[in-house]
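Before any comments, here is the structure.
The values are calculated or read from the model by the stated rules, or taken from the named source; none is laboratory data. Computed from a prediction, not measured in an experiment: that's the story for all the values here. We place every Cβ from the backbone using ideal geometry, glycine too, and count neighbours over all the protein chains shown.
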Amino acid sequence: MTKAVFVAAALVLQSASAAAQGLEIGTTRFYRSAGNQTVVDGFARVPFAALDSLTRGPSAVAMYRLVLTVRDSAGLQLVADSWIRSVPARLLGTPRGSSLEHFTFAAKPGS
C-alpha cells in the first residue's frame, strides 16, 4: 500500500486558537483489478479559523496552499501536487466554516 503524506500550510500567520483547529484528512482506497492498480480518493477539510486575512476591506481575502506528496516505503516520490486557494475574508468568522479539497491518485501495488 502506498503511503500518502498530505501537508497544508496557511500562507499567513496563525493564532494559537486557530492552530488548534487543524486540517482534517479522509481517504478511501479502491482496487481496480483490470488495471492492477489502487486508486486513492481523499478529501481535506481546511478550517477557516486557521486562516488570517491577507488584505483589508470589502474584497479582503485569505489564502492557503495545499501540498500532496505520495512516497513508497523506500522514500521514492510517486506523486507530487500542490495548489493555492483563496477565501473571502468575510467567511473567516463563520462558525465551523471550512473549505473542502478533493484529491485522487492511482498507484501500483506495493508498499
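Here are a few things to note about the model shown:
- Scanning the stretch 72-88 for residues that are farther than 28 Å from Asn36 by Cβ and either of a type in the set (D, E, K, R) or more than 19 Å from the chain's Cα centre (by Cα) (or both) returns a single hit, Arg85.
- Residues in the stretch 48-71 that are within 15 Å of the chain's Cα centre (by Cα) and touching a residue at least 60 places away in the same chain (Cβ under 8 Å): Leu66, Val67, Leu68, Thr69, Val70.
- Those strands (runs of 3 or more DSSP E) of the stretch 58-111 in which at least 1 residues are aliphatic (A, V, I, L, M) and exposed (fewer than 12 other Cβ atoms within 10 Å of the Cβ), considering only elements entirely within it, cover 77-88, 98-107.
- Looking only at the stretch 33-47, and only at residues there that are within 16 Å of the chain's Cα centre (by Cα) and of a type in the set (Gly, Ala, Ser), the one that is nearest to Phe105 (Cα to Cα): Gly42
- In the set (1) part of a strand (DSSP E or B); (2) at pLDDT below 85, Gly35 fails one condition alone, (1).
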